[in-house]
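The values are calculated or read from the model by the stated rules, or taken from the named source; none is laboratory data. Not measured: the values here are computed from a predicted model. When we count neighbours, we look across all protein chains shown, and the Cβ atoms used for this are built from the backbone with ideal geometry, even at glycine.
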Amino acid sequence: MSFTIAQTLDEALTALAAGARPIAGGTDLVVGVRQGKASLPSSLVAVDRLDELALIEPTDRGLRLGAGVTHARLMTDPKIVAEYTALADAAALVGSPSTRNVGTIGGNVMNASPAMDTGAPLMVLGAVVKLQSAQRSRVVELSDLWTGPGETTAATDELCVAVDLPSRPTPSGSAYVRLEYRRAMEIAIVGAAASVTLNGDGTISAGSVALSAVAPTILAVDDANAVMADQQPDAAATAIAAVASDAALPISDLRASDTYRRHTVGVMAARAVKAAARRASGEEIGVPVNRAIGVGAVL
Amino acid sequence: MTEPLTLTVNGVDYPVNVDMGRNLLGVLRNELGLTGTKEGCDDSECGACMVLLDGQPVNSCSYLAVQAEGRSVTTVEGMMPADGLHPLQRTLLEEGGVQCGFCTPGMIMSASALLERNSNPSDEEIRIGLSGNLCRCTGYARILAAVARTASEG
(Lines give C-alpha, C1' and ligand atoms only; values in the text may rest on other atoms or scores of the structure.)
Protein backbone atom coordinates (compact mmCIF):
# COMPACT_ATOMS: atom_id res chain seq x y z
CA MET A 1 0.00 0.00 0.00
CA SER A 2 1.35 3.40 -0.89
CA PHE A 3 -0.07 6.90 -1.18
CA THR A 4 1.87 9.69 -2.83
CA ILE A 5 0.87 13.31 -3.22
CA ALA A 6 2.29 14.29 -6.59
CA GLN A 7 3.98 17.68 -6.63
CA THR A 8 4.57 17.67 -10.40
CA LEU A 9 2.78 16.17 -13.38
CA ASP A 10 5.91 14.15 -14.24
CA GLU A 11 5.85 12.65 -10.77
CA ALA A 12 2.21 11.69 -11.21
CA LEU A 13 2.81 10.12 -14.64
CA THR A 14 5.81 8.18 -13.35
CA ALA A 15 3.70 6.82 -10.52
CA LEU A 16 0.97 5.76 -12.97
CA ALA A 17 3.57 4.01 -15.12
CA ALA A 18 4.63 2.09 -12.02
CA GLY A 19 1.06 0.92 -11.41
CA ALA A 20 -0.48 3.59 -9.20
CA ARG A 21 -4.03 4.79 -9.77
CA PRO A 22 -4.89 8.51 -9.66
CA ILE A 23 -7.10 10.14 -7.06
CA ALA A 24 -8.35 13.73 -7.11
CA GLY A 25 -11.33 14.44 -4.83
CA GLY A 26 -12.03 10.76 -4.30
CA THR A 27 -15.79 11.35 -4.33
CA ASP A 28 -16.38 8.33 -6.57
CA LEU A 29 -13.43 6.15 -5.59
CA VAL A 30 -13.64 6.38 -1.80
CA VAL A 31 -17.44 6.13 -1.70
CA GLY A 32 -17.27 3.09 -3.99
CA VAL A 33 -14.67 1.44 -1.78
CA ARG A 34 -16.63 2.08 1.40
CA GLN A 35 -19.77 0.67 -0.22
CA GLY A 36 -17.80 -2.44 -1.18
CA LYS A 37 -18.25 -1.83 -4.90
CA ALA A 38 -14.50 -1.67 -5.43
CA SER A 39 -11.34 -2.33 -3.52
CA LEU A 40 -8.92 0.45 -2.80
CA PRO A 41 -6.01 0.31 -5.26
CA SER A 42 -2.83 -0.74 -3.48
CA SER A 43 -1.01 2.29 -4.80
CA LEU A 44 -2.56 5.74 -5.18
CA VAL A 45 -1.15 9.00 -6.43
CA ALA A 46 -2.99 12.20 -5.51
CA VAL A 47 -3.22 14.61 -8.43
CA ASP A 48 -5.23 17.32 -6.70
CA ARG A 49 -2.27 19.59 -5.89
CA LEU A 50 -1.06 20.01 -9.48
CA ASP A 51 -1.45 23.65 -10.48
CA GLU A 52 -1.28 22.86 -14.20
CA LEU A 53 -4.38 20.67 -13.90
CA ALA A 54 -6.33 23.45 -12.19
CA LEU A 55 -6.25 25.97 -15.03
CA ILE A 56 -9.15 27.31 -17.06
CA GLU A 57 -7.41 28.96 -19.98
CA PRO A 58 -8.29 30.24 -23.47
CA THR A 59 -6.64 28.47 -26.39
CA ASP A 60 -6.57 29.37 -30.07
CA ARG A 61 -9.37 26.84 -30.60
CA GLY A 62 -11.52 27.57 -27.58
CA LEU A 63 -11.16 26.86 -23.90
CA ARG A 64 -9.02 24.36 -22.02
CA LEU A 65 -10.19 22.99 -18.69
CA GLY A 66 -7.54 21.37 -16.57
CA ALA A 67 -8.71 17.96 -15.42
CA GLY A 68 -8.45 19.10 -11.81
CA VAL A 69 -10.97 21.92 -12.16
CA THR A 70 -13.67 21.33 -9.57
CA HIS A 71 -17.41 21.37 -10.14
CA ALA A 72 -17.61 24.39 -7.82
CA ARG A 73 -15.43 26.33 -10.27
CA LEU A 74 -17.20 25.03 -13.37
CA MET A 75 -20.57 26.28 -12.13
CA THR A 76 -19.29 29.78 -11.35
CA ASP A 77 -16.55 30.50 -13.90
CA PRO A 78 -17.87 33.50 -15.91
CA LYS A 79 -16.69 32.18 -19.29
CA ILE A 80 -18.19 28.73 -18.74
CA VAL A 81 -21.46 30.19 -17.48
CA ALA A 82 -21.64 32.58 -20.45
CA GLU A 83 -20.50 30.33 -23.30
CA TYR A 84 -20.57 26.70 -22.16
CA THR A 85 -23.67 27.04 -20.04
CA ALA A 86 -24.82 23.41 -20.21
CA LEU A 87 -21.61 22.41 -18.46
CA ALA A 88 -22.26 24.92 -15.68
CA ASP A 89 -25.85 23.61 -15.41
CA ALA A 90 -24.50 20.11 -14.91
CA ALA A 91 -21.73 21.00 -12.48
CA ALA A 92 -24.22 22.86 -10.30
CA LEU A 93 -26.32 19.69 -9.98
CA VAL A 94 -23.49 17.37 -8.93
CA GLY A 95 -23.78 16.11 -5.35
CA SER A 96 -23.79 18.86 -2.75
CA PRO A 97 -21.44 21.78 -2.06
CA SER A 98 -18.98 19.39 -0.42
CA THR A 99 -18.95 17.08 -3.46
CA ARG A 100 -18.50 20.03 -5.79
CA ASN A 101 -15.60 21.42 -3.75
CA VAL A 102 -13.39 18.39 -4.32
CA GLY A 103 -14.95 16.53 -7.28
CA THR A 104 -13.27 17.33 -10.60
CA ILE A 105 -14.16 17.38 -14.28
CA GLY A 106 -11.37 14.89 -14.99
CA GLY A 107 -12.65 12.54 -12.34
CA ASN A 108 -16.22 12.77 -13.60
CA VAL A 109 -15.14 12.07 -17.19
CA MET A 110 -12.81 9.19 -16.40
CA ASN A 111 -15.16 7.53 -13.90
CA ALA A 112 -17.36 7.03 -16.97
CA SER A 113 -20.68 6.66 -15.23
CA PRO A 114 -23.53 6.57 -17.75
CA ALA A 115 -25.41 8.82 -15.32
CA MET A 116 -22.62 11.39 -15.04
CA ASP A 117 -23.93 14.93 -15.25
CA THR A 118 -21.07 16.63 -17.11
CA GLY A 119 -20.88 14.01 -19.89
CA ALA A 120 -23.88 14.98 -22.02
CA PRO A 121 -22.98 18.69 -21.91
CA LEU A 122 -19.38 17.95 -22.88
CA MET A 123 -20.63 15.84 -25.78
CA VAL A 124 -22.95 18.49 -27.23
CA LEU A 125 -20.27 21.14 -26.74
CA GLY A 126 -17.83 19.04 -28.81
CA ALA A 127 -15.28 18.48 -26.06
CA VAL A 128 -12.23 16.28 -26.50
CA VAL A 129 -10.08 14.82 -23.76
CA LYS A 130 -6.31 15.01 -23.51
CA LEU A 131 -4.71 11.88 -22.10
CA GLN A 132 -1.07 11.86 -21.12
CA SER A 133 1.35 9.18 -19.99
CA ALA A 134 5.05 9.31 -19.26
CA GLN A 135 5.69 8.35 -22.89
CA ARG A 136 2.99 9.96 -24.96
CA SER A 137 0.10 12.35 -25.21
CA ARG A 138 -3.06 11.96 -27.26
CA VAL A 139 -6.40 13.62 -27.82
CA VAL A 140 -9.51 11.44 -27.69
CA GLU A 141 -13.06 12.15 -28.81
CA LEU A 142 -15.60 11.43 -26.11
CA SER A 143 -17.32 8.91 -28.38
CA ASP A 144 -14.02 7.01 -28.52
CA LEU A 145 -13.38 7.30 -24.77
CA TRP A 146 -16.41 5.79 -23.05
CA THR A 147 -17.06 2.11 -23.77
CA GLY A 148 -19.38 1.10 -20.93
CA PRO A 149 -20.25 1.80 -17.30
CA GLY A 150 -16.94 2.70 -15.64
CA GLU A 151 -15.04 1.65 -18.77
CA THR A 152 -12.83 3.81 -20.97
CA THR A 153 -10.26 3.26 -23.69
CA ALA A 154 -7.59 4.99 -21.60
CA ALA A 155 -4.59 2.85 -20.70
CA THR A 156 -3.81 2.48 -17.02
CA ASP A 157 -0.71 4.66 -17.34
CA GLU A 158 -2.66 7.50 -18.95
CA LEU A 159 -3.93 10.47 -16.95
CA CYS A 160 -6.68 12.75 -18.14
CA VAL A 161 -4.93 16.11 -17.95
CA ALA A 162 -7.37 18.39 -19.77
CA VAL A 163 -10.74 18.74 -21.45
CA ASP A 164 -10.68 20.97 -24.53
CA LEU A 165 -13.81 22.84 -25.61
CA PRO A 166 -14.05 24.38 -29.08
CA SER A 167 -15.05 28.02 -29.54
CA ARG A 168 -18.78 28.60 -29.58
CA PRO A 169 -20.61 29.75 -32.70
CA THR A 170 -22.78 32.88 -32.49
CA PRO A 171 -25.60 33.04 -31.64
CA SER A 172 -25.66 29.78 -29.75
CA GLY A 173 -26.86 28.45 -26.45
CA SER A 174 -26.75 25.23 -24.46
CA ALA A 175 -28.53 23.69 -21.51
CA TYR A 176 -28.54 20.53 -19.39
CA VAL A 177 -31.77 19.37 -17.75
CA ARG A 178 -31.94 16.46 -15.31
CA LEU A 179 -34.86 14.50 -13.97
CA GLU A 180 -34.31 14.16 -10.25
CA TYR A 181 -36.28 13.00 -7.23
CA ARG A 182 -34.44 15.34 -4.87
CA ARG A 183 -32.33 18.43 -5.26
CA ALA A 184 -29.05 17.34 -3.68
CA MET A 185 -26.88 14.20 -3.55
CA GLU A 186 -28.91 12.95 -6.48
CA ILE A 187 -27.96 10.84 -9.48
CA ALA A 188 -29.71 11.54 -12.76
CA ILE A 189 -32.82 9.45 -13.28
CA VAL A 190 -32.31 10.63 -16.85
CA GLY A 191 -30.76 13.80 -18.24
CA ALA A 192 -30.36 15.60 -21.52
CA ALA A 193 -28.08 18.30 -22.88
CA ALA A 194 -28.70 20.38 -25.97
CA SER A 195 -26.69 22.90 -27.91
CA VAL A 196 -28.27 24.98 -30.66
CA THR A 197 -27.24 27.73 -33.05
CA LEU A 198 -29.93 30.05 -34.39
CA ASN A 199 -30.61 31.61 -37.78
CA GLY A 200 -31.64 35.26 -37.97
CA ASP A 201 -35.31 34.27 -38.16
CA GLY A 202 -35.14 32.34 -34.90
CA THR A 203 -35.05 28.91 -36.49
CA ILE A 204 -32.36 26.45 -35.54
CA SER A 205 -29.40 26.35 -37.94
CA ALA A 206 -27.56 23.53 -36.16
CA GLY A 207 -28.01 21.55 -33.00
CA SER A 208 -26.92 18.55 -31.00
CA VAL A 209 -28.44 16.53 -28.16
CA ALA A 210 -26.92 13.96 -25.81
CA LEU A 211 -28.56 11.86 -23.11
CA SER A 212 -27.59 10.70 -19.61
CA ALA A 213 -28.57 7.49 -17.82
CA VAL A 214 -30.36 5.79 -20.71
CA ALA A 215 -27.54 3.66 -22.16
CA PRO A 216 -24.26 2.03 -21.07
CA THR A 217 -22.52 5.33 -21.89
CA ILE A 218 -23.58 8.91 -22.48
CA LEU A 219 -25.55 8.72 -25.71
CA ALA A 220 -25.33 11.22 -28.56
CA VAL A 221 -28.58 11.50 -30.51
CA ASP A 222 -27.26 10.97 -34.03
CA ASP A 223 -30.25 12.43 -35.86
CA ALA A 224 -30.56 15.53 -33.67
CA ASN A 225 -29.12 17.99 -36.16
CA ALA A 226 -31.17 16.69 -39.08
CA VAL A 227 -34.35 16.68 -37.00
CA MET A 228 -33.92 20.22 -35.67
CA ALA A 229 -32.40 22.08 -38.62
CA ASP A 230 -34.54 24.95 -39.97
CA GLN A 231 -37.23 24.30 -37.34
CA GLN A 232 -38.54 26.80 -34.84
CA PRO A 233 -37.33 25.77 -31.33
CA ASP A 234 -40.76 24.58 -30.15
CA ALA A 235 -41.22 22.37 -33.20
CA ALA A 236 -37.63 21.13 -32.90
CA ALA A 237 -38.22 20.28 -29.25
CA THR A 238 -41.35 18.29 -30.05
CA ALA A 239 -39.52 16.39 -32.76
CA ILE A 240 -36.43 15.74 -30.64
CA ALA A 241 -38.52 14.29 -27.80
CA ALA A 242 -39.63 11.40 -29.99
CA VAL A 243 -36.18 10.87 -31.51
CA ALA A 244 -34.48 10.90 -28.11
CA SER A 245 -36.94 8.41 -26.64
CA ASP A 246 -36.41 6.15 -29.65
CA ALA A 247 -32.62 6.40 -29.37
CA ALA A 248 -32.55 5.55 -25.65
CA LEU A 249 -31.49 2.08 -24.49
CA PRO A 250 -32.55 2.31 -20.85
CA ILE A 251 -32.53 -0.29 -18.12
CA SER A 252 -34.83 -0.74 -15.15
CA ASP A 253 -33.27 -0.35 -11.73
CA LEU A 254 -34.26 0.89 -8.30
CA ARG A 255 -34.47 4.48 -9.49
CA ALA A 256 -36.75 4.05 -12.50
CA SER A 257 -38.16 1.57 -14.98
CA ASP A 258 -36.94 1.41 -18.56
CA THR A 259 -40.36 2.56 -19.78
CA TYR A 260 -40.32 5.59 -17.52
CA ARG A 261 -36.77 6.47 -18.52
CA ARG A 262 -37.54 6.15 -22.22
CA HIS A 263 -40.46 8.53 -21.92
CA THR A 264 -38.89 11.08 -19.59
CA VAL A 265 -35.61 11.35 -21.47
CA GLY A 266 -37.60 12.67 -24.40
CA VAL A 267 -39.25 15.23 -22.13
CA MET A 268 -35.86 16.31 -20.77
CA ALA A 269 -34.40 16.53 -24.28
CA ALA A 270 -37.25 18.79 -25.40
CA ARG A 271 -36.79 21.05 -22.37
CA ALA A 272 -33.05 21.21 -22.94
CA VAL A 273 -33.58 22.26 -26.58
CA LYS A 274 -36.05 24.97 -25.56
CA ALA A 275 -33.78 26.31 -22.81
CA ALA A 276 -30.75 26.24 -25.13
CA ALA A 277 -32.69 28.14 -27.81
CA ARG A 278 -33.82 30.76 -25.30
CA ARG A 279 -30.24 31.25 -24.21
CA ALA A 280 -29.13 31.43 -27.84
CA SER A 281 -31.65 34.22 -28.41
CA GLY A 282 -29.99 36.20 -25.64
CA GLU A 283 -32.31 35.40 -22.74
CA GLU A 284 -30.59 34.96 -19.41
CA ILE A 285 -31.62 31.75 -17.70
CA GLY A 286 -29.76 31.19 -14.44
CA VAL A 287 -27.56 28.17 -13.70
CA PRO A 288 -28.72 25.50 -13.30
CA VAL A 289 -31.83 25.38 -15.50
CA ASN A 290 -33.31 22.90 -13.01
CA ARG A 291 -33.40 25.63 -10.36
CA ALA A 292 -33.97 28.68 -12.56
CA ILE A 293 -37.07 27.29 -14.22
CA GLY A 294 -37.86 24.16 -12.27
CA VAL A 295 -37.49 20.78 -13.86
CA GLY A 296 -41.22 20.23 -13.55
CA ALA A 297 -42.16 23.52 -15.18
CA VAL A 298 -43.43 23.73 -18.74
CA LEU A 299 -40.86 25.64 -20.74
CA MET B 1 0.83 -1.12 6.44
CA THR B 2 0.50 2.31 8.00
CA GLU B 3 1.61 5.66 6.70
CA PRO B 4 3.14 8.26 9.03
CA LEU B 5 1.61 11.63 8.34
CA THR B 6 0.84 14.92 9.96
CA LEU B 7 -2.73 16.17 10.06
CA THR B 8 -3.32 19.82 10.78
CA VAL B 9 -6.63 20.03 12.63
CA ASN B 10 -7.97 23.20 14.20
CA GLY B 11 -4.51 24.70 13.88
CA VAL B 12 -2.76 21.86 15.71
CA ASP B 13 -0.31 19.50 13.97
CA TYR B 14 -1.04 15.88 14.90
CA PRO B 15 1.49 13.20 13.91
CA VAL B 16 -0.40 9.97 13.24
CA ASN B 17 0.25 6.53 11.76
CA VAL B 18 -2.72 5.35 9.76
CA ASP B 19 -3.56 2.77 7.17
CA MET B 20 -3.96 4.28 3.71
CA GLY B 21 -7.58 3.15 3.58
CA ARG B 22 -8.66 4.92 6.76
CA ASN B 23 -11.13 7.73 6.27
CA LEU B 24 -10.51 11.15 7.75
CA LEU B 25 -13.63 10.85 9.91
CA GLY B 26 -12.39 7.72 11.67
CA VAL B 27 -8.97 9.20 12.32
CA LEU B 28 -10.44 12.42 13.70
CA ARG B 29 -12.71 10.53 16.06
CA ASN B 30 -10.65 7.52 17.06
CA GLU B 31 -7.02 8.66 16.81
CA LEU B 32 -7.37 12.35 17.69
CA GLY B 33 -10.37 12.02 20.03
CA LEU B 34 -12.29 14.76 18.22
CA THR B 35 -15.74 13.20 18.48
CA GLY B 36 -17.74 16.31 17.60
CA THR B 37 -17.74 15.17 13.97
CA LYS B 38 -20.34 12.41 13.55
CA GLU B 39 -20.69 9.30 11.44
CA GLY B 40 -24.17 9.07 9.95
CA CYS B 41 -24.56 7.30 6.63
CA ASP B 42 -20.84 6.73 5.86
CA ASP B 43 -21.83 7.34 2.23
CA SER B 44 -21.52 11.10 1.64
CA GLU B 45 -25.29 11.46 1.77
CA CYS B 46 -26.10 12.92 5.18
CA GLY B 47 -23.39 15.45 5.98
CA ALA B 48 -23.06 14.55 9.69
CA CYS B 49 -19.32 14.08 9.04
CA MET B 50 -18.80 17.50 7.44
CA VAL B 51 -15.48 19.20 8.17
CA LEU B 52 -13.76 22.09 6.50
CA LEU B 53 -10.74 21.41 4.33
CA ASP B 54 -8.88 24.64 3.63
CA GLY B 55 -12.12 26.37 4.54
CA GLN B 56 -14.43 24.38 2.25
CA PRO B 57 -16.91 21.74 3.45
CA VAL B 58 -15.95 18.14 2.70
CA ASN B 59 -17.55 14.83 3.73
CA SER B 60 -14.86 13.38 5.99
CA CYS B 61 -16.43 9.89 5.82
CA SER B 62 -15.53 9.64 2.16
CA TYR B 63 -12.17 11.37 2.26
CA LEU B 64 -9.02 9.45 3.04
CA ALA B 65 -7.00 10.74 5.97
CA VAL B 66 -3.88 10.63 3.79
CA GLN B 67 -5.57 12.98 1.30
CA ALA B 68 -5.72 15.67 3.99
CA GLU B 69 -1.98 15.89 4.61
CA GLY B 70 -0.75 19.43 4.06
CA ARG B 71 -4.25 20.85 4.19
CA SER B 72 -5.96 22.66 7.04
CA VAL B 73 -8.80 20.68 8.63
CA THR B 74 -11.39 22.39 10.80
CA THR B 75 -13.89 20.47 12.94
CA VAL B 76 -16.72 21.73 15.11
CA GLU B 77 -14.31 21.75 18.07
CA GLY B 78 -12.30 24.36 16.21
CA MET B 79 -15.29 26.62 15.75
CA MET B 80 -15.78 27.44 19.43
CA PRO B 81 -14.12 30.50 20.84
CA ALA B 82 -12.40 30.12 24.21
CA ASP B 83 -15.32 31.80 25.93
CA GLY B 84 -18.83 30.71 25.01
CA LEU B 85 -20.35 29.60 21.75
CA HIS B 86 -19.86 30.28 18.06
CA PRO B 87 -22.67 32.55 16.79
CA LEU B 88 -24.12 29.65 14.76
CA GLN B 89 -24.16 27.43 17.85
CA ARG B 90 -25.94 30.14 19.83
CA THR B 91 -28.57 30.91 17.20
CA LEU B 92 -29.23 27.21 16.55
CA LEU B 93 -29.95 26.77 20.26
CA GLU B 94 -32.05 29.92 20.53
CA GLU B 95 -34.09 29.23 17.37
CA GLY B 96 -34.75 25.60 18.28
CA GLY B 97 -32.61 24.33 15.41
CA VAL B 98 -31.24 21.52 17.59
CA GLN B 99 -33.25 18.50 18.68
CA CYS B 100 -31.21 15.29 18.87
CA GLY B 101 -28.15 17.28 17.83
CA PHE B 102 -26.55 14.61 15.67
CA CYS B 103 -26.64 16.68 12.49
CA THR B 104 -25.72 19.92 14.25
CA PRO B 105 -21.91 19.82 13.92
CA GLY B 106 -22.18 19.17 10.18
CA MET B 107 -24.79 21.89 9.78
CA ILE B 108 -22.49 24.33 11.58
CA MET B 109 -19.56 23.49 9.29
CA SER B 110 -21.58 23.90 6.09
CA ALA B 111 -23.26 27.07 7.34
CA SER B 112 -20.01 28.64 8.47
CA ALA B 113 -18.41 28.02 5.06
CA LEU B 114 -21.45 29.55 3.38
CA LEU B 115 -21.37 32.67 5.58
CA GLU B 116 -17.63 33.01 5.12
CA ARG B 117 -18.03 33.45 1.36
CA ASN B 118 -21.47 35.07 1.39
CA SER B 119 -22.24 37.19 4.43
CA ASN B 120 -25.79 37.97 3.31
CA PRO B 121 -27.20 34.82 1.70
CA SER B 122 -30.76 34.58 0.38
CA ASP B 123 -33.04 31.86 1.73
CA GLU B 124 -32.39 29.87 -1.47
CA GLU B 125 -28.63 30.25 -1.05
CA ILE B 126 -28.90 29.00 2.55
CA ARG B 127 -30.88 25.98 1.35
CA ILE B 128 -28.25 25.21 -1.29
CA GLY B 129 -25.44 25.75 1.23
CA LEU B 130 -27.02 23.20 3.57
CA SER B 131 -28.18 20.84 0.81
CA GLY B 132 -25.56 18.24 1.73
CA ASN B 133 -26.78 18.02 5.33
CA LEU B 134 -29.75 15.94 6.43
CA CYS B 135 -31.73 16.52 9.64
CA ARG B 136 -34.33 13.98 10.73
CA CYS B 137 -35.80 15.98 13.64
CA THR B 138 -36.32 19.65 13.08
CA GLY B 139 -37.94 19.89 9.68
CA TYR B 140 -35.14 22.31 8.72
CA ALA B 141 -37.13 25.54 9.10
CA ARG B 142 -35.54 26.45 12.42
CA ILE B 143 -32.06 25.60 11.15
CA LEU B 144 -32.56 27.88 8.16
CA ALA B 145 -33.87 30.59 10.47
CA ALA B 146 -30.81 30.26 12.70
CA VAL B 147 -28.43 30.63 9.76
CA ALA B 148 -30.36 33.63 8.44
CA ARG B 149 -30.30 35.24 11.87
CA THR B 150 -26.58 34.61 12.26
CA ALA B 151 -26.04 36.37 8.94
CA SER B 152 -28.26 39.32 9.83
CA GLU B 153 -26.57 39.76 13.21
CA GLY B 154 -23.21 39.79 11.40
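Each row is one residue, and each column tells you yes or no for (1) within 14 Å of another protein chain (Cβ to nearest Cβ); (2) under 20 Å from B:Gln67 (Cα atoms).
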residue: A:Val45; (1), (2): yes, yes
residue: A:Arg61; (1), (2): no, no
residue: A:Ala67; (1), (2): no, yes
residue: A:Ile80; (1), (2): no, no
residue: A:Leu93; (1), (2): yes, no
Could you pull out every one of the strands (runs of 3 or more DSSP E) wholly within region B:1-74 that has 1 or more residues that are within 13 Å of chain A (Cβ to nearest Cβ) and not β-branched (Val, Ile, Thr)?
B:2-9, B:12-19, B:50-53, B:56-59
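This table checks each residue for (1) of a type in the set (Gly, Ala, Ser); (2) under 13 Å from the mean Cα position of the chain (by Cα).
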position: A:Arg64; (1), (2): no, no
position: A:Ala67; (1), (2): yes, yes
position: A:Pro78; (1), (2): no, no
position: A:Ala86; (1), (2): yes, yes
position: A:Leu93; (1), (2): no, yes
position: A:Pro97; (1), (2): no, no
Scanning region B:101-139 residue by residue, those surrounded by 13 or more Cβ atoms within 10 Å (Cβ to Cβ), of a type in the set (S, T, N, Q) and assigned to a loop (DSSP other than H, G, I, E, B) turn out to be B:Asn118, B:Ser131, B:Asn133, B:Thr138
When A:Gly36 is run through (1) assigned to a loop (DSSP other than H, G, I, E, B); (2) within 14 Å of another protein chain (Cβ to nearest Cβ); (3) surrounded by fewer than 23 Cβ atoms within 10 Å (Cβ to Cβ); (4) touching a strand residue (DSSP E or B) at 6+ places or on another chain (Cβ under 9 Å), the failure sits at (4)
Every residue in region A:252-289 that is farther than 25 Å from A:Ala206 by Cβ and outside any loop (DSSP other than H, G, I, E, B), please.
A:Asp253, A:Ala256, A:Asp258, A:Thr259, A:Tyr260, A:Arg261, A:Arg262, A:His263, A:Thr264
Of the residues A:Ala236, A:Ala184, only one is at pLDDT 95 or above and crowded, with 17+ Cβ neighbours inside 10 Å; which?
A:Ala236
Meets criteria (touching a residue at least 60 places away in the same chain (Cβ under 8 Å) and within 14 Å of chain B (Cβ to nearest Cβ)) for A:Leu87
no
